[in-house]
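To start, the structure under review is shown below, and the notes come after it.
The values are calculated or read from the model by the stated rules, or taken from the named source; none is laboratory data. This is a predicted model, so every value here is computed, not measured. With ideal geometry, Cβ positions are generated from the backbone for all residues, glycine too; neighbour counts draw on all protein chains shown. Surface areas here come from the heavy atoms of the whole protein model, side chains and all, with no ligands, DNA or RNA. Shrake-Rupley method; radii C 1.70, N 1.55, O 1.52, S 1.80 Å.
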Amino acid sequence: MRMFHVELNLKTLFSKGFLVFIMVAAFTTSCVKPQGTLEIQDYTLLANGKQILGHKEGLTAFMFENNLRKIAFQQFLADKYGVGSYNDVSYEVTVEDHKFKVFLYENAEIEKYFKVSQFMVTMAETEDNIKGSNQKFIALSIVNNSNEDCLTDGSLYQQVAIRYLKSLKDEFYNL
């Protein structure tokens with residue numbers, strides 16, 4: 001009879017110990033900060049992008065998700081502005097009587113300057129549906145004729161530059 005009593009206590013201790021283990025595991029995992037990803041609804045502005053002469057810090061970039069069902073964004077810009085090259089794309093444009101220079105980031109530059117793993121891809125496509133580049137995100141920076149970053153906070157040109165880049169993005173999406 002005494003053995004039965006010992007086995008009962010061992011079973012009770014085992015089940016209580018297992019319950020305590022589950023509770024501790026649940027508590028510790030709930031305290032861990034999840035590495036969630038952010039969805040870019042329309043666009044996002046990211047600091048410390050490409051570096052140009054006269055700036056200690058990198059330019060601010062206007063980044064949005066690429067629509068893989070469209071032609072490559074480089075091709076869209078080359079056709080629209082007659083850039084002529086799909087590599088190292090930059091061009092000049094006049095918006096609201098102000099002259100700007102726009103820089104397009106290549107995919108390797110986007111990965112170099114920005115932590116793209118924190119952003120979620122919402123427009124995933126199969127290989128058969130991809131018409132242009134398989135680049136997940138597109139980033140652009142813009143400077144004025146004085147080489148000032150127009151997308152940085154406090155820039156007098158920030159709203160003009162954002163309106164222009166947003167309309168460019170929308171035009172690309174509506175091809």
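Placing a pseudo-label 7 Å from each Cα along the Cα-to-Cβ vector at Thr94 and Asp153 gives an inter-label distance of 3.4 nm.
Residues in segment 139-175, backbone N under 15 Å from the label point at Asp79 (7 Å along the Cα-to-beta-carbon vector): list them, ranges by number please. Once the point is set 7 Å along Cα→Cβ of Asp79, 169-175 turn out to lie under 15 Å by backbone N, inside segment 139-175. Of the Cα atoms belonging to segment 96-175, the radius of gyration and Dmax stand at 14.8, 45 Å.
Once the Cα-Cα distance is subtracted from the 0.36 nm per residue extended length, the Asn174 to Asn134 segment shows a gain of 12.6 nm. Taking Thr44, Thr37 and ordering them by how much accessible surface each has at a 1.4 Å probe, largest first, produces Thr37, Thr44. If you count Lys pairs in segment 67-175 whose Cα atoms are under 23 Å apart, skipping same-chain pairs closer than 8 places in sequence, the total is 25. At a probe size of 1.4 Å, how large is the accessible area of Tyr43, to the nearest 10 Å²? Number for this one is 80 Å².
Computed 3J(HN,Hα) for segment 100-111, one whole-Hz value per residue from the Karplus formula 6.51 cos²θ - 1.76 cosθ + 1.60 where θ = phi - 60°, is 10, 10, 10, 10, 9, 7, 6, 4, 5, 5, 4, 5, glycine and proline marked x. Value of Rg to Rh for segment 40-153, rounded to two decimals, is 0.97; Kirkwood radius and Rg both from alpha-carbon coordinates.
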